1. Please go through the stretch 247-263 and pick out each residue that is surrounded by 12 or more Cβ atoms within 10 Å (Cβ to Cβ) and either out of contact with any strand residue (DSSP E or B) (no Cβ under 7 Å at 6 or more places or on another chain) or in a loop (DSSP other than H, G, I, E, B) (or both).
2. Can we say Asn267 is of a type in the set (S, T, N, Q) and buried (at least 19 other Cβ atoms within 10 Å of the Cβ)?
3. So which of Ala236, Ala168 is at pLDDT below 90, of a type in the set (Gly, Ala, Ser) and loosely packed, with under 14 Cβ neighbours inside 10 Å?
4. Mind listing just one residue for me: the one in the stretch 362-376 that is modelled with pLDDT of 85 or more and part of a strand (DSSP E or B) and, of those, farthest from Ile56 (Cα to Cα)?
5. Please find, among Leu125, Leu153, Leu102, the residue that is touching a residue at least 40 places away in the same chain (Cβ under 8 Å) and not basic (Lys, Arg).
6. When you scan the stretch 191-231, how many residues do you find that are in contact (Cβ under 8 Å) with a residue 60 or more places away in the chain and part of a loop (DSSP other than H, G, I, E, B)?
7. When the residues of the stretch 172-215 are narrowed to those that are of a type in the set (Gly, Ala, Ser) and farther than 28 Å from Gln67 by Cα, which ends up nearest to the chain's Cα centre (by Cα)?
Amino acid sequence: MPRSAPPLKAEPRGFRPKRASRGLTLAALLVVSAASAQAPAPRPSVGVVRAELKPITQSSQFIGRIQAIDRVDIVARVTAFLDAVDFRDGAEVKKGDVLYRLERGPFEADLAAKTAVAQQFEAELQNANISLERAQKLLQTQSGAQATVDTALASQRSFAAQLAGAQANVRQSQINLDYTVISSPIDGKIGRTAVTPGNVVTPSSGVLVTVVSQDPMYVVFPIAVRTLISLRERYAPIGGFHAIVIRLGLPDGRLYDQPGKMDFVDNTVQLATDTVLVRAVMPNPPLAVKSTSGGTLRELTDAEFVSVYLEGVKPVEFLAVPRAAILSDQQSDFVYVVDADGKAERRDVKLGQSTPTTAAIESGLKVGDLVIVEGLQRVRPGMAVEASPATPGPQAPDPGMAK
């Protein structure tokens with residue numbers, strides 16, 4: 001007989017199949033998602049500052065080279081043995097300080113010989129003068145003759161000429177003797193001697209040593225013609241050279257603490273570079289510290305490369321915003337501002353003088369505009385934003401203005 005099927009159990013009241021439970025859960029999720037989609041997204045928070053007028057010192061940067069105002073190459077004027085070197089390499093010397101001493105004996109002997117010749121002609125001239133005077137007196141008597149007077153006069157003039165030549169030779173010998181002592185013609189710092197005692201020096205020996213002046217110094221730098229025209233239009237109406245202060249950036253990055261003044265603009269454009277050479281005068285006082293050898297130290301050195309900053313004497317008011325607010329693309333520099341409806345709006349701007357922390361705006365903004373500084377990465381044009389005052393940053397001093 002076939003086995004009978006087991007009896008079916010009754011389902012408990014309230015039981016629902018699992019498939020129905022899954023469908024209910026999915027429906028609930030769809031309801032929640034729809035509600036979330038209908039809720040508006042929160043506005044991104046941004047930090048803003050107001051564009052305002054600030055005094056900014058206009059500045060332009062160039063590359064320059066320090067140049068000594070006076071530079072003298074010391075050379076020998078006569079041929080002689082070098083007896084002594086009376087300076088220390090690298091020391092500062094004064095005008096008139098003795099640098100080299102040459103052998104004097106041969107020149108002293110030559111001077112003595114030339115002096116003796118001059119004295120001989122001087123005695124001959126005195127005798128000729130007496131003879132001429134005697135002949136002229138005899139001419140007034142019957143025993144005198146004009147021929148005698150003429151002969152005496154010619155002799156007197158001959159000895160006078162020979163005496164003049166001998167005296168010139170004496171002066172030349174004295175000059176050569178004086179050339180055996182070589183002194184510094186200027187105040188300045190002396191370099192390294194090229195000769196040592198015992199060597200023969202001549203006028204063709206070349207430079208023995210170089211002396212360069214120390215205080216003040218020149219700084220020479222080229223400016224492109226276009227930039228020079230712009231600077232002229234900026235400063236000429238307010239005083240020209242007197243409206244400009246020159247500051248230097250030293251090779252180690254420090255800002256030189258002594259300001260200078262422009263004093264010369266070249267009258268020729270350099271054809272190879274289309275630039276004009278400009279020169280300024282910079283003070284170069286001694287430093288408080290001394291070298292280990294006791295010499296004088298100064299900040300600026302002849303032929304040193306420096307950065308040159310041309311600054312206006314008086315600050316100019318510009319519309320200014322933090323540098324962090326400036327963005328750039330292929331079209332222009334721009335900023336985002338918050339308009340009256342609380343939306344971000346792009347504004348193309350033209351930058352003027354700027355520093356690492358502050359940007360001067362020549363056009364594109366007006367006083368009072370709310371400029372977005374913080375949260376820029378979340379901002380798009382036309383997006384509604386939640387604006388609040390930006391966090392104040394550290395107020396670091398700007399070393400100089402750069403275009």
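1. Going through the stretch 247-263, the residues surrounded by 12 or more Cβ atoms within 10 Å (Cβ to Cβ) turn out to be 247-250, 255-256, 258-263.
Passing the criteria: Leu250, Tyr256, Gln258, Pro259.
2. On the way: of a type in the set (S, T, N, Q): yes; buried (at least 19 other Cβ atoms within 10 Å of the Cβ): no.
Here the answer is no, as Asn267 does not meet what is asked.
3. Details: Ala168 fails: at pLDDT below 90.
Of the residues listed, the single one that is at pLDDT below 90, of a type in the set (Gly, Ala, Ser) and loosely packed, with under 14 Cβ neighbours inside 10 Å is Ala236.
4. Step by step, filter the stretch 362-376, then rank; the result is Glu374.
5. Just a single option satisfies the conditions, and that option is Leu102.
6. Within the stretch 191-231, the subset in contact (Cβ under 8 Å) with a residue 60 or more places away in the chain is 191-193, 195-203, 205-223, 227, 231.
After this cut, where a residue has to be part of a loop (DSSP other than H, G, I, E, B) as well, the list is 191-193, 195-199, 202-203, 205-208, 213-216.
Matching residues across the stretch 191-231 total 18.
7. Of the residues in the stretch 172-215, the ones of a type in the set (Gly, Ala, Ser) are 173, 183-184, 188, 191, 194, 198, 204-206, 213.
Of the ones still in play, those that are also farther than 28 Å from Gln67 by Cα are 173, 198.
Values: Ser173: 47, Gly198: 42 Å.
That would be Gly198.
Here is a yes/no grid of residues against (1) crowded, with 17+ Cβ neighbours inside 10 Å; (2) under 22 Å from Ala166 (Cα atoms); (3) assigned by TED's automatic domain parsing to the domain that holds Pro197:
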{"site": "Glu52", "(1), (2), (3)": "no, no, no"}
{"site": "Gly64", "(1), (2), (3)": "yes, no, no"}
{"site": "Phe81", "(1), (2), (3)": "no, no, yes"}
{"site": "Arg88", "(1), (2), (3)": "no, no, yes"}
{"site": "Val93", "(1), (2), (3)": "yes, no, yes"}
{"site": "Gly96", "(1), (2), (3)": "no, no, yes"}
{"site": "Leu111", "(1), (2), (3)": "yes, yes, no"}
{"site": "Thr115", "(1), (2), (3)": "no, yes, no"}
{"site": "Ala118", "(1), (2), (3)": "yes, yes, no"}
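The values are calculated or read from the model by the stated rules, or taken from the named source; none is laboratory data. Being a predicted model, the structure only gives us computed values, none of them experimental. For neighbour counting, all protein chains shown are included, and Cβ atoms are generated from backbone atoms with ideal geometry for every residue, glycine included.
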